[in-house]
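Enquirer: For reference, the structure I am asking about is given below.
The values are calculated or read from the model by the stated rules, or taken from the named source; none is laboratory data. Nothing here was measured: the structure is a model prediction, and the numbers come from that model. Quick reminder, even Gly has a Cβ in these numbers, built from the backbone with ideal geometry, and neighbours come from all protein chains shown.
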Amino acid sequence: MALDKTWYTEEWAGQGSAISLKIKDKVHDEKSPYQRIEIYETETFGTLMTLDGLVMVTDRDNFVYHEMMSHPALFTHPDPKQVLVIGGGDCGTLHEVLKHKSVELVEQVELDERVTRVSEKFFPELCESNNDPRAKLHFADGIKWVAEAKPGTYDVIIIDSTDPVGPAAGLFSEAFYKNCFRALRPQGVVVGQSESPLFHAELIRSVQKSFKAAGFRDVATLFFPQCTYPSGWWSATMASKSESVTTFRAKASATKTFATRYYNHDIHAAAFASPEFLRTR
Ligand code: AG3
């Protein structure tokens, strides 16, 4: 069956599969200095943002990804105060991080200011904390930012990147992770989105290996569903400088004082359960 223009389709390169979302309207299309940014209104997934034709966010399912990119790392660190978000221009991760009362400063370093400006217009609920006095938005190269950061600046670093192609490729490298290690305080925790377990198992293994090689003491991957990303099954890989990365502030998580829709204490513990083909621990 041919898909007509009332459907938005992201073909999953090399996988002979795709996701399609039924479209009501295309409401924005621009070429920023870095990429093509498109916004659609879908029939059943709310607003959709794509970058260079790849699904980044939909209203309906982004909460799973954004909560899993932030709360496990923040409940793993004993007392997160200074947080760095690399990428994350739609501000969904930033919004989740700011739910933690201990956090005093979140610096977000996104390459493409247009992604944030477009998100402010089309995803107001993701951007509703952008004016929080603890949030500092920088539009710059995250790789350079971390390379130049003063040693021991951050408690938590969150790498909310696109796929490992183009400018984002460097965000999956050992050299970058070494700089993250240096920029973190002694109990620092880093987490990066690490693609689909089904489609990119090799990449997940390589991310785990590179975190170890960069000096991190413990590394583990979290698994969660993300129905609009390739294969519908996603991962984030977390590493810690000094503590076990699967041990977290369980009581604080179980009695958290803010609302989430996916993350909770049980989900946090269960997300480390690894499929047999990716088992390392
Ligand atoms: N992070 C994007 C993950 C990559 C999705 N890949 C794809 N659709 N091929 C999204 C940023 C959300 N803050």
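Enquirer: Residue check, residue 264 against (1) surrounded by 15 or more Cβ atoms within 10 Å (Cβ to Cβ); (2) touching a residue at least 12 places away in the same chain (Cβ under 8 Å), all met but one. Which one?
Expert: Of the numbered conditions (1) surrounded by 15 or more Cβ atoms within 10 Å (Cβ to Cβ); (2) touching a residue at least 12 places away in the same chain (Cβ under 8 Å), the odd one out for residue 264 is (2).
Enquirer: Would you point out the residue of region 107-131, among those that are polar (S, T, N, Q) and more than 24 Å from residue 150 (Cα to Cα), that is surrounded by the most Cβ atoms within 10 Å (Cβ to Cβ)?
Expert: Within region 107-131, the match that is surrounded by the most Cβ atoms within 10 Å (Cβ to Cβ) is 119.
Enquirer: Can you work out which of the residues in region 41-74 that are within 13 Å of the ligand (Cβ to nearest atom), in contact with a strand residue (DSSP E or B) (Cβ under 8 Å, 6 or more places away or on another chain) and charged (D, E, K, R) is farthest from residue 272 (Cα to Cα)?
Expert: 52
The rows are residues; the columns are (1) within 20 Å of residue 117 (Cβ to Cβ); (2) at pLDDT 95 or above; (3) among the hydroxyl-bearing types (Ser, Thr, Tyr); (4) not in a strand (DSSP E or B).
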{"position": "33", "(1), (2), (3), (4)": "yes, yes, no, yes"}
{"position": "37", "(1), (2), (3), (4)": "yes, yes, no, no"}
{"position": "44", "(1), (2), (3), (4)": "no, yes, yes, yes"}
{"position": "49", "(1), (2), (3), (4)": "yes, yes, no, no"}
{"position": "67", "(1), (2), (3), (4)": "no, yes, no, yes"}
{"position": "72", "(1), (2), (3), (4)": "no, yes, no, yes"}
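Enquirer: Let me ask something else about it. Report yes if some residue within region 80-93 is outside any helix (DSSP H, G or I), β-branched (Val, Ile, Thr) and either free of Cβ contacts under 8 Å to residues at least 60 places away in the same chain or under 16 Å from residue 259 (Cα atoms) (or both); otherwise report no.
Expert: There is no residue in region 80-93 that is outside any helix (DSSP H, G or I), β-branched (Val, Ile, Thr) and either free of Cβ contacts under 8 Å to residues at least 60 places away in the same chain or under 16 Å from residue 259 (Cα atoms) (or both).
Enquirer: Okay, moving on. Pairs, please: C-beta under 8 Å, at least 6 apart or cross-chain, first residue modelled with pLDDT of 95 or more and in region 237-256, second of a type in the set (Asp, Glu)?
Expert: As it stands, the answer is 239/218; 240/218; 244/218; 245/218; 246/218, since those pairs meet every condition given.
Enquirer: Inspect region 79-86 for any residue being more than 14 Å from the ligand (Cβ to nearest atom), at pLDDT 95 or above and over 27 Å from residue 141 (Cβ atoms) and give the result as yes or no.
Expert: Yes: region 79-86 contains one or more residues that are more than 14 Å from the ligand (Cβ to nearest atom), at pLDDT 95 or above and over 27 Å from residue 141 (Cβ atoms).
Enquirer: Specify the residue that is nearest to residue 230 (Cα to Cα); the eligible residues are those in region 1-31 that are assigned to a strand (DSSP E or B) and hydroxyl-bearing (Ser, Thr, Tyr).
Expert: Per the criteria, the residue is 17.
Enquirer: Collect the residues in region 202-226 that are away from the ligand (no atom under 16 Å from the Cβ) and either outside the structural domain of residue 68 (by TED's automatic domain parsing) or crowded, with 23+ Cβ neighbours inside 10 Å (or both), keeping them in residue-number order.
Expert: 211, 216
Enquirer: Can you tell me how many residues within region 142-201 are within 12 Å of the ligand (Cβ to nearest atom) and either of a type in the set (A, V, I, L, M) or over 25 Å from residue 55 (Cα atoms) (or both)?
Expert: 5
Enquirer: Moving on to the next point. Within region 227-259, track down each residue that is within 16 Å of the ligand (Cβ to nearest atom) and either on the phi > 0 side of the Ramachandran plot or not hydrophobic (A, V, I, L, M, F, W, C) (or both).
Expert: 228, 229, 230, 231, 232, 235, 237
Enquirer: Moving to a separate point now. Just to be sure I understand, how many residues within region 92-110 are within 15 Å of the ligand (Cβ to nearest atom) and out of contact with any strand residue (DSSP E or B) (no Cβ under 7 Å at 6 or more places or on another chain)?
Expert: 2
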